[in-house]
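Here's the structure we're looking at; comments come further down.
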Amino acid sequence: MSPFAALARRFGLVAPLPRVRTEREIAERAFDAAYYLEVNTDVAAAGDDPLEHFLAFGWQEGRRPIPDFSPRDYLLAFPEAADSGVNPFVHWLTSGRPGVFVPEPPEGFRAELLARLTSVEDRIAAATGAAIPLAPPGDLAPALGQARGGLRDVHVTVSHDDFTAHVGGLQTAVRREAERLARDGRDHLHLYPAEAWPVVREPGDPGALGVVLNGRGLGFHAAATVADALARAASGPAGRRSLAVHSLLGHAADEIADIAAALGLAEGVFWLHDFASLCAGFHLLRNDVADCAAPPPGSAACGICVYGAWRARHLEQHARLFERLALTVAAPSKATLELWRSRTGLPAAAEAVLPHATLVPKGPAPVPRGRRPFRLAYAGLPVAHKGWPVFTALAARLARDPRYELVHLGVRRDPDLPVRFREVAAGPSRPLAMRDALAEEAADAVLVWPLCRETFSFVAYEAVAAGCAVITGPDSGNVQAFVREGGHGRVLEDEDALAQAFLGGDILDLARAARRPMLYDLAFSALSLDLPTRPAA
């Protein structure tokens, strides 16, 4: 620098050159450290500096620095950012924060689901094969003999997993039966496969049963051991003994029938929580992407489906169960029973429709004051068969539309979706947590757009109970029937019609201010115990 230039700078005649800011200094202006640690629990657990982690590793792993910015989407939209070598978040901040739109591939999200599709054989291999330690056979009969009622009045439930350790709609159904049994002083014996088979078992397939008596686990045992122990422990006179098969997945039909016979039972209740009695693909989704409605076995449609070769196994095992036991088929909705009846020849001893819950009016729902965006909620897990990809596609279309606000309520957020998330965890102690959260949010509508035919949708009932409308498609089973019959929202023709209803504004007719909805309580049934039963043989 010349002496003249130095003198000029000293007296402020020339502005000093601006200092070049580092990537960290630029990024920290907008970086949301709390959000980053919330969605990246591994970073939080390690105690790492969130911004340092993002700049060094996170952006390359596709982790978002803020809810509204995806490094992957930005690099796809602006390839020059990738060529520059600059961190994409920094590039975005220093380029005027341009809008990012990544169009959905022409084949849609279903192509990605198909790409991830695995064979049933691989699913069985992944779920089974672990060494299951069996309890000593001689221990089971004495343990069963300690039942509070001596198994005189015992109710046996059969399902695909341990309802005391897992949550979900089917598990809630078994739990409600258990609660009623406890109040009535009856014993409850629950049987589930030790390994989570995705299909039914056949004779010769390896497997053991988990045994739960009155909420207490009694270990894993061979099915023959369970039948023998029950015959010895329940040798006294029978009282009110009953059987409810909630799911045959992971079970062999003859094993369950033999256990029933050990208790003197020749009849029971068979629940249609899904359509496993029609196909190994119990959601009736061809290759997990398209509704199939259970075509005739051996049809061309079955020939191109990953479940096609396994359908005969399910039909044969369920036929064997119905052959050995007189079963009352119970469905949680009329639509479910009608589809099942039209697709099977299984000889039901009787049929019944008993919803898991019914609506009990409370009074008018409060209407938000003033003008606000139409609030659309997704309630539940972000999984494909429940319609999460449909919600995310809609969120992308409406991201900059001031007419709408989207929110996700559930136990797990999707960090790749920039919508507001509210944690909601329902359970035995808070069965109405989702209804209450939807009411507090004053959501105008809930998108319930499953890819499969729901036999019963708790979310749909919780939404209406909270004063929300339900938006669904025509292949959603009980959901569309519930909406149509009760006038609880809108059934749209397809996903294009869904997008157009929002873009065109027709859906705004479902706003609370326009509908003036009601609030409801939910009255839950005790399922099998609310059905008429006959005494054991």
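The values are calculated or read from the model by the stated rules, or taken from the named source; none is laboratory data. The shown structure was predicted, so the numbers you read here are calculated from the model rather than taken from an experiment. In this analysis, Cβ positions are derived from the backbone assuming ideal geometry, glycine residues included, and neighbour counts consider all displayed protein chains. Heavy atoms of the whole protein, side chains included, go into the accessibility calculation; ligands, DNA and RNA do not. Shrake-Rupley method; radii C 1.70, N 1.55, O 1.52, S 1.80 Å.
Note on residue 72 and residue 254: with the Förster distance fixed at 41 Å, the Cβ-Cβ geometry gives a FRET efficiency of about 0.20. Remark: the stretch 513-518, residue by residue, has Karplus-estimated 3J(HN,Hα) of 4, 7, 8, 6, x, 9 Hz, where x stands for each Gly or Pro and the curve is 6.51 cos²θ - 1.76 cosθ + 1.60 at θ = phi - 60°. For the stretch 198-280, the per residue solvent-accessible surface stands at 29 Å², with DNA, RNA and ligands left out and a 1.4 Å probe.
Calculated FRET efficiency, residue 351 to residue 112, Cβ-Cβ distance, R0 = 45 Å: about 0.70 to the nearest 0.05.
Stretching the chain fully between residue 121 and residue 25 yields a gain of 29.4 nm (0.36 nm per residue, less the alpha carbon separation). Rounded to the nearest Hz, the phi-derived 3J(HN,Hα) couplings of the stretch 113-127 under the Karplus curve 6.51 cos²θ - 1.76 cosθ + 1.60 (θ = phi - 60°) are 4, 5, 5, 8, 4, 10, 6, 5, 4, 5, 5, 5, 4, 6, 8, where x marks glycine and proline. Remark: spin-label model distance residue 97-residue 499 equals 2.7 nm, labels positioned 7 Å along the Cα→Cβ axis. Between the stretch 156-173 and the stretch 57-91, the alpha-carbon centres lie 43 Å apart.
Close amide-amide hydrogen proximity is noted between residue 220 and 135, each under 5 Å apart and 5 or more residues distant or on a separate chain (H modeled in the peptide plane; Pro and chain starts excluded).
Using the Cα gyration tensor of the chain, with a ≥ b ≥ c the square roots of its eigenvalues, what is the shape: rounded (a/c below 1.5), prolate (a/b larger than b/c) or oblate (neither)?
On the way: a/c = 2.27, a/b = 1.90, b/c = 1.19.
Since a/c reaches 1.5 and a/b is larger than b/c, the shape of the chain is classed as prolate.
Spin-label model, residue 216 to residue 362: label points 7 Å out along the Cα-to-beta-carbon direction sit 3.8 nm apart. May I ask for the distance between the Cα centers of the stretch 443-463 and the stretch 247-318, given as a whole number of Å? After rounding, the separation between the Cα centres reads 24 Å.
Computed from phi, the 3J(HN,Hα) profile of the stretch 44-51 under the Karplus parametrisation 6.51, -1.76, 1.60 (θ = phi - 60°) reads 5, 5, 6, x, 6, 5, x, 5 Hz, with x in place of Gly and Pro.
For residue 362, the accessible surface of its heavy atoms amounts to roughly 120 Å² (probe 1.4 Å, protein chains only, rounded to the nearest 10). For chymotrypsin sites (Phe, Trp or Tyr not before Pro), no site in the stretch 246-349 is both called loop by DSSP and has at most 14 other Cβ atoms within 10 Å.
What full-extension length gain, to one decimal in nm, is calculated for residue 485 and residue 411 as 0.36 nm per residue of separation minus the Cα-Cα distance?
23.6 nm
Here r is the Cβ-Cβ distance between residue 531 and residue 400 and R0 is 56 Å; the resulting FRET efficiency, rounded to 0.05, is 0.60.
Applying the criteria of a DSSP loop state and at most 15 other Cβ atoms within 10 Å to the trypsin sites (Lys or Arg not before Pro) of the stretch 27-73 yields 29. Overall, the accessible surface of the chain at a probe of 1.4 angstrom is composed of carbon and sulfur to the extent of 54 percent. Label separation (residue 304 vs residue 319): 2.7 nm, computed from points 7 Å beyond Cα along the C-beta direction.
Stretched out fully, how many nm does the piece from residue 326 to residue 139 gain, at 0.36 nm a residue minus the Cα gap? Intermediate values should be presented prior to the final figure.
On the way: separation 187, 0.36 × 187 = 67.32 nm, distance 3.13 nm.
The span from residue 326 to residue 139 would gain 64.2 nm if fully extended.
Largest first, what is the accessible-area ranking of 291, 530 with a 1.4 Å probe? Each step should come with its number before you reach the end.
Working: 291 40, 530 70 Å².
Result, largest first: 530, 291.
Proximity of backbone amide H atoms, modeled 1.01 Å from N, is registered between residue 443 and no other residue at under 5 Å, excluding neighbours fewer than 5 places apart on the same chain.
Shape call for the stretch 342-423 from the C-alpha gyration tensor, a ≥ b ≥ c root eigenvalues: rounded (a/c under 1.5), prolate (a/b greater than b/c) or oblate? In terms of gyration-tensor shape, oblate.
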